[in-house]
Amino acid sequence: MINIIKKDLRACFMTDFKTIIKLVVGLFIFSSILMGLSSVAIPLFLSYMFIFRSFYLDESNKCDYFFNSMPIDKEDIVYSKYIVSTLIIVLSILFTYFYSKILKHIFYADLMNTQTMLSTLNILLILVSVSFPIMFKYGYKKSYIPINLVMGIILVFSLYITLKPRADIHIEGQENSIISDPKLLIISGICLVIYIISMYISTKIYNKKEVAL
């Protein structure tokens, strides 16, 4: 599985000029024009770009046929996607956290705290949980429109949730604590369970797809 994870990581972070332009433009938009949404939008934007890039490259290079000809456990292919997506989600949130500290010195607005980080993590876990079974079932090209629709719905819903507790973020000396909001911890546990169930469903879907080939 280690080699598959390495392959997926290389695929995710293999950048070209077009990808770099997208990253720069996206960060500029969310850091200036839509700064109030950056705590959710930036990690969602980064995760979307890097996570689904591996599916795009796998389909373009017809990796399914290659995997079928190799003595590779099909479950490992699915597990690799989920492990890599978890790494990317964590890295995107950490990047946004430190990036928000830079923006704080420029715009004097604290855009990211522990509650926001955990809420964003939950949103991204749900996005992957919903998207991956669809992606494994139909492939990247056929899933492109449904996945973007799902992302749009989740983004609108998440903005409604995450912007609600932000009224007290700018109060000097006040720190939002995860412990002070046990409901958020419960929701996080539920999202993690959904994530694991999604991985199980994706494994079943991919195994059946392999038989069909």
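Got a sec? What order do LEU127, LEU121 fall in by accessible area at 1.4 Å, biggest, i.e. largest, first? Working shown, then result.
Numbers: LEU127 5, LEU121 50 Å².
The most accessible residue leads, giving LEU121, LEU127.
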Q: With θ set to phi - 60°, apply the Karplus curve 6.51 cos²θ - 1.76 cosθ + 1.60 along the range 149-156 and write out the HN-Hα couplings as whole Hz, x wherever there is a Gly or Pro.
A: 5, 4, 4, x, 5, 5, 5, 4
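May I ask you to order 9-22, 83-96 by the average number of other C-beta atoms within 10 Å around their residues, highest value first? List each step's numbers first, then the result.
Working: 9-22: 12.6, 83-96: 19.5.
Result, highest mean first: 83-96, 9-22.
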Q. With each pseudo-label sitting 7 Å past Cα toward Cβ, what's the MET1-LEU149 distance in nm, one decimal?
A. 3.3 nm
Q: List the lysines whose Cα lies under 30 Å from the Cα of LYS183, skipping any in the same chain that are fewer than 8 positions away.
A: LYS81, LYS101, LYS104, LYS164
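The values are calculated or read from the model by the stated rules, or taken from the named source; none is laboratory data. A quick note: this is a predicted structure, and the numbers were derived from the prediction, not measured. Heads up, the Cβs are rebuilt from the backbone with ideal geometry, glycines too, and the neighbour counts pull from every protein chain shown. These accessible areas exclude ligands, DNA and RNA; they are computed on the full protein's heavy atoms, side chains included. Shrake-Rupley method; radii C 1.70, N 1.55, O 1.52, S 1.80 Å.
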